[in-house]
Amino acid sequence: MSGAELKASASIRADKWLWHARLVKTRTLAARVISDGKLRVNGIRAAKPSASVKPGDVLTVAIHGRVRVVRILDVGARRGPAAEAQGLYEDLSPPAPAKSPAPEGAQIEPGPPPSKRERRARDKLHRFDA
């Protein structure tokens, strides 16, 4: 087999690839994400962290409060710098929803704290023994 065919047929553990691609911070966390059922490989839930992934597979993973969809381009030989890790996959995720502005009348920043006199008056209103 040629080098390109060998590279295309190469596979790697799913937890190791998530860690190499820097989608998760640690390999232990990657294994936990997979064990919790938050990873799908080509639409099928990965049952174990030892599930094999290869170039061309599409992963759907729910991490960091959002769903990411990535296509594996390379398995990678090591966990390198971020620029190298981003070359391991193509991000197919829809853009993150924009944060909606605060509704009218909503206070964005809290005002100054109440004075001692205001706190005492509030406490006096809420006291049950008086």
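Go through the residues of segment 5-23 one by one and say whether even a single one is part of a helix (DSSP H, G or I), at pLDDT 95 or above and among the basic types (K, R). Yes, some residue in segment 5-23 is part of a helix (DSSP H, G or I), at pLDDT 95 or above and among the basic types (K, R).
Exactly one residue among D57, D91 is of a type outside the set (A, V, I, L, M, F, W, C) and modelled with pLDDT of 95 or more, and that residue is D57. Scanning segment 27-46 for residues that are more than 24 Å from A98 (Cα to Cα) and either in contact with a Phe, Trp or Tyr (Cβ under 7 Å, 6 or more places away or on another chain) or in contact (Cβ under 8 Å) with a residue 12 or more places away in the chain (or both) turns up R27, A30, A31, V33, I34, S35, L39, R40, V41, N42, G43, A46.
The values are calculated or read from the model by the stated rules, or taken from the named source; none is laboratory data. Computed from a prediction, not measured in an experiment: that's the story for all the values here. Cβ atoms come from the backbone with ideal geometry, glycine included; neighbour counts cover every protein chain shown.
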